[in-house]
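Notes to accompany the following structure.
The values are calculated or read from the model by the stated rules, or taken from the named source; none is laboratory data. Since we're looking at a predicted model, the values are computed, not measured. We place every Cβ from the backbone using ideal geometry, glycine too, and count neighbours over all the protein chains shown. The accessibility values were calculated without ligands, DNA or RNA, using every heavy atom of the protein model including side chains. Shrake-Rupley method; radii C 1.70, N 1.55, O 1.52, S 1.80 Å.
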There are 2 protein chains.
Amino acid sequence: MAVRPLVASPDGSAISILDQTRLPHEEEWRRLDSLEAVATAIRTMQVRGAPLIGITAAYGLAIALRIDASDQALGEAAAVLRATRPTAINLRWAVERVSGAARAVPRADRARIAWAEAGAIAAEDIAACRAIGDHGLGLLRRLHQAQGGGRPVRVLTHCNAGWLAALEYGTALAPVYRAAEEGLPVEVWVDETRPRNQGWLTAWELGQRGVPHAVVTDNASGHLLQRGEVDIVLVGTDRTARNGDVCNKVGTWLKALAADEAGVPFYAAVPSSSIDWSLADGRAIPIEERESGEVTHVHGLDGTGRVTAVALGPAGTPVRNIGFDVTPARYLTGLITERGVAAASEAGLLALFPEQR
Amino acid sequence: MAVRPLVASPDGSAISILDQTRLPHEEEWRRLDSLEAVATAIRTMQVRGAPLIGITAAYGLAIALRIDASDQALGEAAAVLRATRPTAINLRWAVERVSGAARAVPRADRARIAWAEAGAIAAEDIAACRAIGDHGLGLLRRLHQAQGGGRPVRVLTHCNAGWLAALEYGTALAPVYRAAEEGLPVEVWVDETRPRNQGWLTAWELGQRGVPHAVVTDNASGHLLQRGEVDIVLVGTDRTARNGDVCNKVGTWLKALAADEAGVPFYAAVPSSSIDWSLADGRAIPIEERESGEVTHVHGLDGTGRVTAVALGPAGTPVRNIGFDVTPARYLTGLITERGVAAASEAGLLALFPEQR
């Protein structure tokens, strides 16, 4: 795994991120060395993906503490970072974890301790993703055997929950990358994922790793499921409630319905950092609504090789831009966590995370 | 209803069409005066929408007969037109009807008779759409009353089945336009409908008629349905099987699943010209797959006001471009035909169309 989308500078002064608003057309790195730069990068989705925005925010808080490590500044910086995106719980979780570590030490040590804690979060995230990959690989192996081993396992995914959304393996795509490493044949149907077209990021990153894939419109995956062209659906999560309800990129819910109807297993890859143990179910998860321009315009490469925005419809057309939806737990075959595959229920999660009882 | 997307020239030599590949950015009319021009216009979706391509093909056959009205030329022209698009049955139905009318008369009269038959099909289509509008208006009225009349009826639609897809009222949007005419308050959620973004055509045509609407991504409508923000779903159909299975623009199936789960009524507007009485169910309907460029690129208006195509992902990314899907009859609340609202079943359809027993 050669490239990570975030690199922390050794001296603790900044992070460099691969600007995901330029991908897949341009590989442009940005150095973020202030709280404001980090907050803007998260808000504008230069960094995106629930695990990665948690890690980015953790580093952002450490960077802020280099300027002012007072209790007040710490609280304000944490509030700024928490407010950048509302839905993913990793963000809040990571900010609180770094805040707690910093508050526990004298002001002079806070920036250093916070930076180390951010590094620990990053390292744990990599380990969790790798473990999710191994547990998911077991599912893919069983499917491959059950279908006689004669053809690749056909995975459908929505949005991007690969190494661009985390640091190495990603979440939903970790089983795919582990399968590729182990020589288990896989092919990936990639939902385009309007409005931000993260499916094209997924196509790009799968291509970088040599994993066979094809992009389909968000509309098409219901047909693929209905006609038996998908063996398993793997998605990520931005926040998982205690009962196993999964909030993920808008459109996930439609795929879950179609998978259920088709009898195709549907799993979410759920690092425990994305579980909101305080929520009994998914109904109270805040659903981000973003600016209309993401729907009214599309970015792409024009004929001259320049990244250009084009307007799809009449100027001033009213738009509603909903970022996420909630898939009720009963539509999930299971949750792939770093500790194993859980039933999508409170009992299932607590069996793997008994400390949350 | 001031504008129609197709105008037949009084002398029977040509039709003029509003080029729907340029909409909603440019209103460009094209004169089609040869079989080849008509076939190309249908194939490239300069004209689109099941009713309209039937009408266009009917005129196209009449135009071809002006050059050569022999049995052989008639058969060949019909074959060319039938092959332009595979899914919508209206096309085949209209071509066969005009062929039959032409064959029944001497060669010298064939072009004139075919032209008249195409005109009859167009006139019947307008009447059918208007009748669908009236029957659908009844459904909207009952919803409005049932919810206490305090707010607009919120309709969700997918693709474009309005006056751009037919001649006047359209099919799925006919009830909406009739409601607007009668002063019944309605608002329309418009699915974007990737890859061809016909939702933006729907937004444009609703805007032209002053009907309140908002565009959402195809992914978002599941969330809207789940959260109670939709009162009724109205879609068109490209081919309806004898048992009530509806083949329509890809993605329709996902909306039907979400509507069913949410308990929201889901209707297809079904002119009888779109019913394939020869098919027991929808499984055998040919599903058009189109070129990958429709998925890899998006057309829109760039910053300089020019219509531009932009590439969304890495060049050479494999793509599957599926045009339609089949919604099984049991997911439909009913079929709005020109003779009334039928249950989505063979018995339901035959009760309204006893001549098909």
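Of all the options B:THR240, B:THR40, B:THR304, the one that moves most in a Gaussian network model of chain B with Cα springs shorter than 10 angstrom is B:THR304. Working note: Cα atoms of the protein assembly as shown, range along each principal axis, descending, whole Å: 99, 58, 51.
Pairs of Cα atoms nearer than 8 Å and 6+ residues apart set the relative contact order; for chain A it is 15 percent. For chain A, the membrane-span-like helices by this rule, meaning whole DSSP H stretches whose C-alpha atoms cover at least 18 Å of axis and whose Kyte-Doolittle mean is -0.5 or above, are A:50-67, A:89-103, A:107-146; this says nothing about an actual membrane. Measuring with a 1.4 angstrom probe and ignoring ligands and nucleic acids, B:ASP109 comes out at about 50 Å² accessible. By DSSP, the beta bridges lying fully in the protein assembly as shown are antiparallel in about 50 percent of cases. Peptide A:202-214 has a mean of 2 when you count, residue by residue, the C-beta atoms of other protein chains within 10 Å of its C-beta. For B:GLU181 and B:VAL7, the FRET efficiency from 1/(1 + (r/R0)^6), where r spans their Cβ atoms and R0 equals 22 Å, is about 0.45.
In this assembly of identical copies, the label point of B:ARG103 (Cα plus 7 Å along Cα-to-Cβ) is separated from its counterparts by 8.5 nm, sorted shortest first. Under 5 Å between amide hydrogens, built in the peptide plane, is the criterion, and for A:VAL319 it picks out B:VAL215 among residues at least 5 positions away or on other chains.
Per-residue SASA remark: B:ASP231, around 20 Å² accessible (1.4 Å probe; ligands, DNA and RNA not included). The residues of the protein assembly as shown expose, per residue, 34 Å² of accessible area to a 1.4 Å probe.
Label-point spacing for A:GLN72 across the identical copies (point 7 Å from Cα in the Cβ direction), in nm and ascending order: 9.5.
Counting Cβ atoms of other protein chains within 10 Å of each residue's Cβ and taking the mean over peptide A:220-232 gives 5.
Take the Cβ atoms of A:ARG107 and A:ALA127, set R0 to 25 Å, and the FRET efficiency comes out at 0.20. Summed over qualifying helices (DSSP H, 4 residues or more, each -39500 (n - 2.57)) and divided by its residue number, the protein assembly as shown shows a 222 nm mean residue ellipticity of -12500 deg cm²/dmol. Charge dipole (Cα centre; +1 on Lys/Arg Cβ, -1 on Asp/Glu Cβ; no other charges) of region B:1-127 amounts to roughly 220 debye. Shape analysis of region B:123-169 places it in the oblate category; the axes a ≥ b ≥ c from the Cα gyration tensor give an a/c of at least 1.5, with a/b not above b/c.
In the assembly of identical copies, B:SER278 has its label point, taken 7 Å from Cα in the direction of the beta carbon, separated from the corresponding points by 6.4 nm (ascending, one decimal). Bridges between two residues of chain A, per DSSP, are antiparallel at a rate of about 50%. Shape analysis of region A:200-308 places it in the oblate category; the axes a ≥ b ≥ c from the Cα gyration tensor give an a/c of at least 1.5, with a/b not above b/c.
Computed from the C-beta positions of B:ASP281 and A:GLN147, the FRET efficiency with R₀ = 30 Å rounds to 0.65. The GNM of chain B, with springs linking C-alpha atoms under 10 angstrom apart, assigns the highest mean-square fluctuation among B:ALA280, B:ALA94, B:ALA259 to B:ALA280. Taking each residue as 0.36 nm, the span from B:THR304 to B:ALA116 lengthens on full extension beyond its C-alpha to C-alpha distance by 63.2 nm. Applied to region B:209-221, the Karplus parametrisation 6.51 cos²θ - 1.76 cosθ + 1.60 on θ = phi - 60° returns per-residue 3J(HN,Hα) values of 9, x, 8, x, 7, 8, 8, 10, 5, 4, 5, 7, 5 Hz, with x for Gly and Pro.
Of the residues B:ALA241, B:VAL307, B:THR157, the one whose Cα sits farthest towards the positive end of the charge dipole of chain B is B:ALA241 (charges of +1 on Lys and Arg Cβ, -1 on Asp and Glu Cβ, taken about the Cα centre). The stretch between B:THR44 and B:ALA83, if pulled fully straight at 0.36 nm per residue, gains 12.8 nm over its current Cα-Cα span. The Cα atoms of region B:126-252 give a gyration tensor whose axes a ≥ b ≥ c have a/c under 1.5, which makes the shape rounded. To the nearest 10, the accessible area of A:GLU124 is 90 Å² with a 1.4 Å probe.
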